[in-house]
Amino acid sequence: MADTFQLPHTPIESFTLENGLRVILSVDRAIPVVSVAVYYDTGSRNEKVGRTGFAHLFEHMMFQGSENVPKAAHFQWISNAGGTMNGTTSSERTNYFETLPASQLPLALWLESDRMLSLKVTQENLDNQRSAVKEEKRLRIDNQPYVPGFLLADECIFSNHANAHSTIGSMEDLDAATVEDCQEFFRIYYAPNNAVIALVGDFKTADALSKVEKYFGGISSQPAPPPLDVTEPKQEAERRLTITDNFAKLPMLTVAYKTTQANTPEFFALDLFMSILCDGESSRLYQRLVQQDKLVIQVLGGMQSSRGASMAEIRVAAPQGTNMTKVEAAIYDEISKLAKNGPQDWEMEKVRNGERKHQVSQASTDLVRAVTMAQDAVFYKDPALMFTEVKRYEAITKDDIRRAAQQYLSESNRSVLITLPKVVPAPQETR
(Lines give C-alpha, C1' and ligand atoms only; values in the text may rest on other atoms or scores of the structure.)
Protein backbone atom coordinates (compact mmCIF):
# COMPACT_ATOMS: atom_id res chain seq x y z
CA MET A 1 0.00 0.00 0.00
CA ALA A 2 2.87 2.37 0.77
CA ASP A 3 4.06 2.12 -2.84
CA THR A 4 0.68 2.94 -4.35
CA PHE A 5 -0.88 5.41 -1.90
CA GLN A 6 -1.31 8.84 -3.43
CA LEU A 7 -3.71 11.70 -2.82
CA PRO A 8 -5.60 12.99 -5.86
CA HIS A 9 -3.98 15.92 -7.62
CA THR A 10 -5.30 19.25 -6.36
CA PRO A 11 -4.45 22.40 -8.31
CA ILE A 12 -2.98 25.17 -6.15
CA GLU A 13 -1.91 28.61 -7.31
CA SER A 14 -0.17 31.21 -5.16
CA PHE A 15 -0.02 34.96 -5.61
CA THR A 16 1.19 37.92 -3.56
CA LEU A 17 -0.44 41.36 -3.74
CA GLU A 18 1.69 44.50 -3.70
CA ASN A 19 0.79 45.06 -0.04
CA GLY A 20 2.23 41.66 0.89
CA LEU A 21 -1.01 39.68 1.26
CA ARG A 22 -0.40 36.11 0.17
CA VAL A 23 -3.27 34.55 -1.81
CA ILE A 24 -3.80 30.79 -2.22
CA LEU A 25 -6.36 29.64 -4.82
CA SER A 26 -7.51 26.06 -5.38
CA VAL A 27 -10.40 25.35 -7.75
CA ASP A 28 -12.82 22.53 -6.93
CA ARG A 29 -16.09 22.56 -8.85
CA ALA A 30 -17.54 19.38 -7.34
CA ILE A 31 -20.24 21.41 -5.60
CA PRO A 32 -21.14 25.12 -5.97
CA VAL A 33 -19.62 26.35 -2.71
CA VAL A 34 -16.48 28.22 -1.73
CA SER A 35 -14.48 28.27 1.50
CA VAL A 36 -12.41 31.25 2.54
CA ALA A 37 -9.74 31.10 5.25
CA VAL A 38 -7.83 34.15 6.49
CA TYR A 39 -4.83 33.40 8.68
CA TYR A 40 -2.88 36.01 10.62
CA ASP A 41 0.62 35.12 11.72
CA THR A 42 -0.03 36.00 15.34
CA GLY A 43 -0.92 34.03 18.43
CA SER A 44 -0.24 34.07 22.12
CA ARG A 45 3.47 33.55 21.54
CA ASN A 46 3.64 37.08 20.08
CA GLU A 47 2.38 38.67 23.31
CA LYS A 48 4.64 40.66 25.63
CA VAL A 49 5.11 39.98 29.32
CA GLY A 50 2.36 41.92 31.10
CA ARG A 51 0.19 42.09 27.99
CA THR A 52 -1.04 38.54 27.48
CA GLY A 53 -4.40 37.47 26.06
CA PHE A 54 -4.39 39.95 23.15
CA ALA A 55 -4.46 37.37 20.35
CA HIS A 56 -7.50 35.65 21.82
CA LEU A 57 -9.11 38.99 22.65
CA PHE A 58 -8.86 39.99 19.00
CA GLU A 59 -10.56 36.79 17.91
CA HIS A 60 -13.55 38.30 19.75
CA MET A 61 -12.92 41.90 18.74
CA MET A 62 -12.95 41.06 15.04
CA PHE A 63 -16.71 40.48 15.24
CA GLN A 64 -17.47 43.81 16.93
CA GLY A 65 -17.89 45.81 13.77
CA SER A 66 -15.83 47.80 11.29
CA GLU A 67 -16.37 50.89 9.17
CA ASN A 68 -19.13 49.38 7.02
CA VAL A 69 -20.21 46.37 9.11
CA PRO A 70 -22.26 46.79 12.32
CA LYS A 71 -21.47 44.84 15.46
CA ALA A 72 -22.22 41.10 15.07
CA ALA A 73 -23.44 41.63 11.48
CA HIS A 74 -20.65 39.39 10.13
CA PHE A 75 -22.39 36.36 11.65
CA GLN A 76 -25.82 37.46 10.50
CA TRP A 77 -24.89 38.23 6.90
CA ILE A 78 -22.96 35.00 6.38
CA SER A 79 -25.83 33.01 7.89
CA ASN A 80 -28.43 34.81 5.79
CA ALA A 81 -26.40 33.98 2.70
CA GLY A 82 -26.58 30.28 3.53
CA GLY A 83 -23.06 30.04 4.96
CA THR A 84 -21.23 29.07 8.11
CA MET A 85 -18.24 30.73 9.76
CA ASN A 86 -15.99 30.86 12.81
CA GLY A 87 -12.60 31.92 14.13
CA THR A 88 -10.00 30.38 16.44
CA THR A 89 -6.77 31.30 18.21
CA SER A 90 -3.71 29.24 19.06
CA SER A 91 -0.24 30.01 20.30
CA GLU A 92 0.93 30.47 16.70
CA ARG A 93 -1.92 31.90 14.62
CA THR A 94 -5.37 33.44 14.58
CA ASN A 95 -7.77 32.38 11.83
CA TYR A 96 -11.19 33.28 10.46
CA PHE A 97 -13.08 31.20 7.93
CA GLU A 98 -16.36 30.94 6.03
CA THR A 99 -18.04 28.43 3.75
CA LEU A 100 -20.90 29.73 1.63
CA PRO A 101 -22.51 29.40 -1.81
CA ALA A 102 -20.01 30.18 -4.57
CA SER A 103 -22.08 33.15 -5.72
CA GLN A 104 -21.52 34.76 -2.30
CA LEU A 105 -17.74 34.90 -2.54
CA PRO A 106 -17.76 38.72 -2.85
CA LEU A 107 -19.62 38.95 0.46
CA ALA A 108 -16.99 36.93 2.30
CA LEU A 109 -14.13 38.91 0.78
CA TRP A 110 -15.79 42.24 1.55
CA LEU A 111 -16.47 41.28 5.18
CA GLU A 112 -12.93 40.04 5.78
CA SER A 113 -11.32 43.02 4.07
CA ASP A 114 -13.45 45.59 5.87
CA ARG A 115 -12.39 44.41 9.28
CA MET A 116 -8.74 44.04 8.23
CA LEU A 117 -8.86 47.66 7.10
CA SER A 118 -11.08 49.34 9.67
CA LEU A 119 -11.84 47.26 12.76
CA LYS A 120 -13.50 49.34 15.48
CA VAL A 121 -10.99 49.15 18.32
CA THR A 122 -12.88 51.37 20.76
CA GLN A 123 -13.12 51.59 24.54
CA GLU A 124 -16.70 50.30 24.39
CA ASN A 125 -15.74 47.24 22.33
CA LEU A 126 -12.67 46.57 24.46
CA ASP A 127 -14.66 46.67 27.70
CA ASN A 128 -17.39 44.50 26.21
CA GLN A 129 -15.07 41.78 24.90
CA ARG A 130 -12.79 41.91 27.91
CA SER A 131 -15.84 40.92 29.96
CA ALA A 132 -16.70 38.20 27.43
CA VAL A 133 -13.20 36.72 27.68
CA LYS A 134 -13.40 36.71 31.48
CA GLU A 135 -16.69 34.86 31.36
CA GLU A 136 -15.23 32.39 28.86
CA LYS A 137 -12.28 31.78 31.18
CA ARG A 138 -14.58 31.14 34.13
CA LEU A 139 -16.76 28.79 32.08
CA ARG A 140 -14.19 26.88 30.05
CA ILE A 141 -11.11 26.93 32.28
CA ASP A 142 -11.58 27.89 35.91
CA ASN A 143 -14.61 25.68 36.51
CA GLN A 144 -13.65 22.71 34.36
CA PRO A 145 -11.90 19.62 35.73
CA TYR A 146 -8.22 19.24 34.81
CA VAL A 147 -8.06 22.29 32.50
CA PRO A 148 -6.24 24.61 34.96
CA GLY A 149 -3.73 21.80 35.43
CA PHE A 150 -3.16 21.54 31.69
CA LEU A 151 -2.24 25.24 31.64
CA LEU A 152 0.07 24.82 34.63
CA ALA A 153 1.72 21.93 32.81
CA ASP A 154 2.76 24.25 29.99
CA GLU A 155 4.33 26.60 32.53
CA CYS A 156 6.16 23.66 34.08
CA ILE A 157 7.38 22.29 30.74
CA PHE A 158 8.45 25.49 29.00
CA SER A 159 10.81 28.20 30.23
CA ASN A 160 10.33 30.79 27.47
CA HIS A 161 7.37 33.10 28.17
CA ALA A 162 6.34 32.89 24.51
CA ASN A 163 5.74 29.15 24.88
CA ALA A 164 4.67 28.87 28.50
CA HIS A 165 1.72 31.22 28.96
CA SER A 166 -1.82 30.26 27.99
CA THR A 167 -3.64 31.47 24.90
CA ILE A 168 -6.48 32.95 26.93
CA GLY A 169 -3.93 34.99 28.84
CA SER A 170 -3.94 36.69 32.21
CA MET A 171 -7.08 38.49 33.31
CA GLU A 172 -4.89 40.98 35.17
CA ASP A 173 -3.08 41.73 31.90
CA LEU A 174 -6.37 42.21 30.07
CA ASP A 175 -7.64 44.52 32.83
CA ALA A 176 -4.50 46.62 32.43
CA ALA A 177 -4.80 46.81 28.62
CA THR A 178 -5.64 50.17 27.11
CA VAL A 179 -7.31 51.01 23.82
CA GLU A 180 -3.94 52.28 22.62
CA ASP A 181 -2.35 48.90 23.44
CA CYS A 182 -5.02 47.14 21.42
CA GLN A 183 -4.77 49.52 18.49
CA GLU A 184 -1.02 48.98 18.34
CA PHE A 185 -1.43 45.19 18.46
CA PHE A 186 -3.96 45.38 15.63
CA ARG A 187 -1.74 47.65 13.53
CA ILE A 188 1.28 45.36 13.84
CA TYR A 189 -0.29 41.92 13.46
CA TYR A 190 -3.52 42.42 11.48
CA ALA A 191 -1.75 43.83 8.44
CA PRO A 192 -2.03 42.30 4.95
CA ASN A 193 1.70 41.52 4.87
CA ASN A 194 1.21 39.42 8.02
CA ALA A 195 -1.72 37.43 6.58
CA VAL A 196 -2.65 34.69 4.13
CA ILE A 197 -6.03 34.22 2.46
CA ALA A 198 -6.92 30.85 0.95
CA LEU A 199 -9.90 30.20 -1.34
CA VAL A 200 -11.00 26.66 -2.18
CA GLY A 201 -14.10 25.85 -4.20
CA ASP A 202 -16.14 26.70 -7.27
CA PHE A 203 -14.64 29.78 -8.91
CA LYS A 204 -12.51 30.86 -11.85
CA THR A 205 -8.96 31.66 -10.81
CA ALA A 206 -8.65 34.96 -12.68
CA ASP A 207 -12.02 36.15 -11.44
CA ALA A 208 -11.29 35.19 -7.81
CA LEU A 209 -7.88 36.85 -7.89
CA SER A 210 -9.44 40.00 -9.34
CA LYS A 211 -11.97 40.07 -6.49
CA VAL A 212 -9.26 39.59 -3.86
CA GLU A 213 -7.31 42.46 -5.41
CA LYS A 214 -10.44 44.62 -5.46
CA TYR A 215 -11.25 44.14 -1.78
CA PHE A 216 -7.78 43.78 -0.23
CA GLY A 217 -5.40 45.53 -2.61
CA GLY A 218 -5.99 48.99 -1.18
CA ILE A 219 -5.12 48.05 2.43
CA SER A 220 -1.72 49.42 3.37
CA SER A 221 1.06 47.13 4.53
CA GLN A 222 2.82 47.75 7.84
CA PRO A 223 6.39 47.31 9.07
CA ALA A 224 7.15 43.67 9.79
CA PRO A 225 6.31 42.49 13.32
CA PRO A 226 9.22 42.45 15.78
CA PRO A 227 11.42 39.34 15.65
CA LEU A 228 10.29 36.54 17.94
CA ASP A 229 12.52 34.27 20.03
CA VAL A 230 10.82 30.97 20.83
CA THR A 231 13.96 28.99 21.68
CA GLU A 232 14.02 26.93 24.85
CA PRO A 233 17.04 26.46 27.10
CA LYS A 234 18.22 22.89 27.52
CA GLN A 235 16.50 21.20 30.44
CA GLU A 236 18.99 19.66 32.85
CA ALA A 237 16.70 17.78 35.25
CA GLU A 238 13.20 16.39 35.60
CA ARG A 239 10.52 18.87 36.66
CA ARG A 240 7.59 17.82 38.86
CA LEU A 241 4.39 19.47 40.01
CA THR A 242 1.47 18.11 42.07
CA ILE A 243 -1.80 20.03 42.30
CA THR A 244 -5.25 19.54 43.79
CA ASP A 245 -8.22 20.05 41.47
CA ASN A 246 -11.54 20.87 43.14
CA PHE A 247 -13.53 19.63 40.13
CA ALA A 248 -11.61 16.45 39.26
CA LYS A 249 -13.11 13.08 40.18
CA LEU A 250 -10.09 10.93 39.34
CA PRO A 251 -6.33 11.42 39.63
CA MET A 252 -4.56 12.22 36.37
CA LEU A 253 -0.90 11.90 35.45
CA THR A 254 0.67 14.03 32.71
CA VAL A 255 4.15 13.19 31.41
CA ALA A 256 5.64 15.53 28.82
CA TYR A 257 8.92 16.08 26.98
CA LYS A 258 10.16 19.14 25.08
CA THR A 259 11.04 18.14 21.55
CA THR A 260 12.04 19.56 18.20
CA GLN A 261 10.07 21.91 15.96
CA ALA A 262 7.35 20.51 13.70
CA ASN A 263 7.77 19.66 10.03
CA THR A 264 11.17 18.04 10.53
CA PRO A 265 12.23 14.38 10.16
CA GLU A 266 12.78 14.15 13.93
CA PHE A 267 9.26 15.45 14.60
CA PHE A 268 7.73 12.93 12.18
CA ALA A 269 9.69 10.13 13.86
CA LEU A 270 8.50 11.21 17.32
CA ASP A 271 4.95 11.52 16.05
CA LEU A 272 5.03 7.91 14.91
CA PHE A 273 6.63 6.87 18.22
CA MET A 274 3.85 8.53 20.20
CA SER A 275 1.18 6.95 18.00
CA ILE A 276 2.64 3.49 18.64
CA LEU A 277 2.77 4.29 22.34
CA CYS A 278 -0.64 5.88 22.84
CA ASP A 279 -2.98 5.64 19.85
CA GLY A 280 -5.93 3.30 20.32
CA GLU A 281 -6.57 0.07 22.15
CA SER A 282 -3.72 -1.72 20.37
CA SER A 283 -1.18 0.86 21.58
CA ARG A 284 1.53 -0.20 23.97
CA LEU A 285 0.39 1.95 26.88
CA TYR A 286 -3.25 0.90 26.57
CA GLN A 287 -2.27 -2.76 26.46
CA ARG A 288 0.09 -2.37 29.42
CA LEU A 289 -1.77 0.04 31.70
CA VAL A 290 -5.41 -0.83 30.96
CA GLN A 291 -5.44 -4.41 29.77
CA GLN A 292 -2.48 -6.01 31.51
CA ASP A 293 -1.78 -4.14 34.75
CA LYS A 294 -5.28 -2.64 35.13
CA LEU A 295 -3.83 0.54 36.62
CA VAL A 296 -5.65 3.21 34.60
CA ILE A 297 -8.93 3.66 32.75
CA GLN A 298 -7.84 6.09 30.03
CA VAL A 299 -4.72 6.70 27.97
CA LEU A 300 -4.23 9.77 25.77
CA GLY A 301 -1.09 11.03 24.12
CA GLY A 302 0.61 12.45 21.09
CA MET A 303 2.71 15.27 19.71
CA GLN A 304 1.72 18.91 20.17
CA SER A 305 3.30 20.65 17.17
CA SER A 306 4.97 24.04 17.14
CA ARG A 307 7.34 26.06 14.99
CA GLY A 308 9.41 26.37 18.16
CA ALA A 309 9.79 23.60 20.71
CA SER A 310 7.07 20.97 20.25
CA MET A 311 5.91 18.63 22.99
CA ALA A 312 5.40 14.90 23.39
CA GLU A 313 2.65 14.42 25.96
CA ILE A 314 1.02 11.45 27.72
CA ARG A 315 -2.04 11.71 29.96
CA VAL A 316 -3.59 8.88 31.93
CA ALA A 317 -6.58 8.87 34.27
CA ALA A 318 -6.64 6.33 37.09
CA PRO A 319 -9.20 5.14 39.65
CA GLN A 320 -9.15 6.67 43.11
CA GLY A 321 -6.49 5.11 45.30
CA THR A 322 -4.23 4.00 42.44
CA ASN A 323 -0.53 3.92 43.19
CA MET A 324 0.62 6.61 40.73
CA THR A 325 4.27 5.65 41.26
CA LYS A 326 3.48 2.28 39.67
CA VAL A 327 1.72 4.01 36.80
CA GLU A 328 4.74 6.22 36.17
CA ALA A 329 7.12 3.29 36.30
CA ALA A 330 5.07 1.35 33.75
CA ILE A 331 4.97 4.32 31.38
CA TYR A 332 8.73 4.81 31.54
CA ASP A 333 9.28 1.08 31.05
CA GLU A 334 7.23 1.07 27.85
CA ILE A 335 8.96 4.21 26.56
CA SER A 336 12.35 2.65 27.27
CA LYS A 337 11.54 -0.63 25.54
CA LEU A 338 10.19 1.06 22.43
CA ALA A 339 13.12 3.50 22.29
CA LYS A 340 15.64 0.68 22.67
CA ASN A 341 14.15 -1.97 20.40
CA GLY A 342 12.06 0.06 18.00
CA PRO A 343 8.57 -0.78 16.72
CA GLN A 344 7.40 -4.05 15.22
CA ASP A 345 6.42 -4.35 11.57
CA TRP A 346 2.69 -4.40 12.29
CA GLU A 347 3.02 -1.24 14.40
CA MET A 348 4.77 0.57 11.55
CA GLU A 349 1.99 -0.47 9.18
CA LYS A 350 -0.65 0.69 11.66
CA VAL A 351 0.76 4.18 12.23
CA ARG A 352 1.53 4.69 8.55
CA ASN A 353 -2.05 3.79 7.73
CA GLY A 354 -3.12 6.29 10.36
CA GLU A 355 -1.14 9.03 8.62
CA ARG A 356 -2.68 8.11 5.27
CA LYS A 357 -6.13 8.32 6.80
CA HIS A 358 -5.26 11.72 8.29
CA GLN A 359 -4.05 13.06 4.96
CA VAL A 360 -7.21 11.85 3.20
CA SER A 361 -9.33 13.48 5.92
CA GLN A 362 -7.50 16.79 5.48
CA ALA A 363 -8.27 16.75 1.77
CA SER A 364 -11.90 15.70 2.17
CA THR A 365 -13.66 19.10 2.25
CA ASP A 366 -13.12 22.55 0.78
CA LEU A 367 -13.02 24.13 4.23
CA VAL A 368 -10.41 21.76 5.68
CA ARG A 369 -8.25 22.21 2.59
CA ALA A 370 -8.56 25.99 2.81
CA VAL A 371 -7.59 26.24 6.48
CA THR A 372 -4.77 23.70 6.09
CA MET A 373 -3.33 25.41 3.02
CA ALA A 374 -3.50 28.80 4.72
CA GLN A 375 -1.82 27.52 7.86
CA ASP A 376 0.94 25.75 5.98
CA ALA A 377 1.52 28.91 3.95
CA VAL A 378 1.84 30.94 7.17
CA PHE A 379 3.98 28.41 9.02
CA TYR A 380 6.16 26.94 6.28
CA LYS A 381 5.52 29.02 3.12
CA ASP A 382 4.24 25.83 1.48
CA PRO A 383 0.46 25.68 0.90
CA ALA A 384 0.82 22.28 -0.82
CA LEU A 385 2.47 20.66 2.21
CA MET A 386 -0.63 18.66 3.10
CA PHE A 387 -0.31 16.74 -0.16
CA THR A 388 3.36 15.78 0.30
CA GLU A 389 3.59 15.30 4.06
CA VAL A 390 2.45 11.67 3.93
CA LYS A 391 5.50 10.78 1.84
CA ARG A 392 7.74 12.24 4.53
CA TYR A 393 6.08 9.99 7.10
CA GLU A 394 6.54 7.03 4.74
CA ALA A 395 10.28 7.74 4.67
CA ILE A 396 10.68 7.39 8.45
CA THR A 397 12.38 4.12 9.44
CA LYS A 398 12.39 2.13 12.65
CA ASP A 399 15.92 3.36 13.35
CA ASP A 400 14.78 6.98 12.86
CA ILE A 401 12.10 6.41 15.50
CA ARG A 402 14.57 4.85 17.93
CA ARG A 403 17.13 7.64 17.51
CA ALA A 404 14.58 10.44 17.97
CA ALA A 405 13.13 8.81 21.08
CA GLN A 406 16.54 8.28 22.63
CA GLN A 407 17.47 11.90 21.93
CA TYR A 408 14.36 13.60 23.32
CA LEU A 409 12.50 11.25 25.68
CA SER A 410 15.05 11.23 28.47
CA GLU A 411 14.51 11.57 32.21
CA SER A 412 16.34 14.91 32.36
CA ASN A 413 14.05 16.31 29.64
CA ARG A 414 10.88 15.14 31.36
CA SER A 415 8.16 17.13 33.13
CA VAL A 416 5.55 15.43 35.33
CA LEU A 417 2.26 16.84 36.57
CA ILE A 418 0.05 14.89 38.97
CA THR A 419 -3.51 16.18 39.38
CA LEU A 420 -5.31 14.92 42.48
CA PRO A 421 -9.02 15.29 43.29
CA LYS A 422 -9.98 17.31 46.31
CA VAL A 423 -10.50 15.03 49.27
CA VAL A 424 -13.91 15.62 50.84
CA PRO A 425 -14.05 14.52 54.49
CA ALA A 426 -16.55 11.81 55.22
CA PRO A 427 -19.59 12.99 57.16
CA GLN A 428 -19.40 12.38 60.89
CA GLU A 429 -21.71 9.71 62.20
CA THR A 430 -24.33 11.16 64.54
CA ARG A 431 -25.67 9.36 67.56
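Here are a few things to note about the model shown:
- Straight-distance crosslink candidates among lysines, where the alpha carbon sits under 26 Å from Lys350 and sequence neighbours closer than 8 are dropped: Lys258, Lys294, Lys337, Lys340, Lys391, Lys398
- Dmax and Rg, reported as Rg then Dmax, of region 74-177 (C-alpha, Å): 17.3, 50
- Element breakdown for the chain at a 1.4 angstrom probe: carbon and sulfur atoms account for 50% of the accessible area.
- Residue among Ala208, Ala195, Ala374 with the largest mean-square fluctuation in a Gaussian network model of the chain, springs linking Cα atoms under 10 Å: Ala208
- Rounded to whole Hz, the Karplus (6.51, -1.76, 1.60) HN-Hα couplings of region 214-224, x for glycine and proline: 4, 8, 10, x, x, 7, 6, 6, 10, x, 4
- Simple rule: put +1 on each Lys or Arg Cβ and -1 on each Asp or Glu Cβ in region 330-431, find the dipole, and look at Ser415, Asn341, Gln359; the Cα lying farthest toward the positive end is Ser415.
- Cα gyration tensor, region 120-192 - rounded (a/c under 1.5), prolate or oblate: oblate
- Its Kirkwood hydrodynamic radius, worked out from the mean inverse distance over all distinct Cα pairs, puts region 144-228 at 16.8 Å.
- In sequence order, calculated HN-Hα J values of region 233-238 (Karplus, 6.51, -1.76, 1.60; Hz; x Gly/Pro): x, 5, 7, 9, 7, 4
- Förster radius 45 Å - calculated FRET efficiency between Lys204 and Leu228 (Cβ-Cβ, nearest 0.05): 0.75
- Secondary structure note: in the chain, about 80% of the DSSP beta bridges are antiparallel.
- Cα gyration tensor, region 1-126 - rounded (a/c under 1.5), prolate or oblate: oblate
- Helical mean residue ellipticity (222 nm; -39500 (n - 2.57) per DSSP H run of 4+; nearest 500) of the chain: -12500 deg cm²/dmol
- Separation in nanometres of the label points that stand 7 Å from Cα toward Cβ, at Thr84 and Lys249: 3.0 nm
- Most mobile of Ser44, Ser159, Ser364 in a GNM of the chain (Cα contacts under 10 Å): Ser364
- Amide H contacts of Ser91: Ser44, each under 5 Å away and 5 or more positions distant or on a separate chain (H built 1.01 Å from N in the peptide plane; Pro and chain starts excluded).
- Mean sequence separation of contacting Cα pairs (under 8 Å, at least six apart), scaled by the length of region 282-404, corresponds to a relative contact order of 19 percent.
- The chain, relative contact order in percent, only Cα pairs under 8 angstrom and at least six apart counted: 22 percent
- Gaussian network model of the chain, springs between alpha carbon atoms under 10 Å - residue of Ala37, Ala224, Ala269 with greatest fluctuation: Ala224
- Kirkwood Rh in Å, taken over all unlike Cα pairs in region 175-303: 20.9 Å
- Expressed per residue, the C-alpha convex hull volume of region 237-278 stands at 120 Å³.
- Estimated vicinal HN-Hα couplings, Hz - region 56-73 in sequence order (Karplus 6.51, -1.76, 1.60; Gly, Pro = x): 5, 4, 6, 4, 6, 4, 5, 10, 9, x, 9, 4, 10, 10, x, 3, 6, 5
- Rolling a 1.4 Å probe across the protein heavy atoms gives the chain an accessible surface of 46 Å² per residue.
- In whole angstrom, the chain maps to an equivalent ellipsoid with semi-axes of 39, 29, 20, each derived as √(5λ) from the alpha carbon gyration tensor and ordered largest first.
- Estimated distance in nm for a label pair at Glu180 and Arg392, the labels positioned 7 Å out from Cα along Cα-to-Cβ: 4.4 nm
- Relative contact order (%) - criterion: Cα under 8 Å, at least six apart; region: region 223-352: 28 percent
- Local charge for Asp181 was computed over the other residues whose Cβ lies under 15 Å away, with Lys and Arg +1 and Asp and Glu -1, and equals -3.
The values are calculated or read from the model by the stated rules, or taken from the named source; none is laboratory data. Quick caveat, the model's predicted, so the values are computed rather than measured. Cβ: placed from backbone, ideal geometry, glycine included. Neighbour counts: every protein chain shown. These accessible areas exclude ligands, DNA and RNA; they are computed on the full protein's heavy atoms, side chains included. Shrake-Rupley method; radii C 1.70, N 1.55, O 1.52, S 1.80 Å.
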